[in-house]
Amino acid sequence: MAAKGYWMVRVTVKDPERYKDYIAANKAPLEKYGARFLVRGGAHEVVKGASRDRHVIIEFPSLEAAKACFRSPDYQAALKIFETCAESDVVIVEGVS
C-alpha cells in the first residue's frame, strides 16, 4: 500500500472575514484530490520552537495527490485569496507506508 501524503500548515490569519472566502475557494480542489482534514485549528500548546495562531494537517491518498492539489490551478486561485488575508508555512510530506 502506498504511503499517504500530508499538508502540514501553520497559519496566522490577519483578516478573518476574508479568510472565509479562502475556505470557500479551497473546498473544490481539496475534494477533487481526496483531501481529509485531520487537524483544523483547535487547541494547541507550543512546547518547543516557534508557532502560529492556527495549525492544519490535511491527509491525501498519496504524496503525488498532495503535491498535485497544491499546484493545481484551482488551488492556486484560492491561494491568491489566502495571500490577502493570512500568512502560512506549508510542508508537503509523505506518510509512513
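Nothing in this text is a laboratory measurement; each read-out follows from the coordinates by a stated rule. Remember, predicted model here, so these are calculated numbers, not experimental data. Backbone-built Cβ (ideal geometry, glycine too); neighbour counts: all protein chains shown.
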inquiry  = What are the pairs with Cβ atoms under 7 angstrom where one residue, in segment 29-49, is under 24 Å from residue 63 (Cβ atoms) and the other, located anywhere, is surrounded by 10 or more Cβ atoms within 10 Å (Cβ to Cβ) and polar (S, T, N, Q)? Sequence gap at least six, or different chains.
reply    = 29/72
message = Filter segment 1-24 down to the residues that are in a helix (DSSP H, G or I) and in contact with a Leu (Cβ under 9 Å, 6 or more places away or on another chain) and list them by number.
response = 22
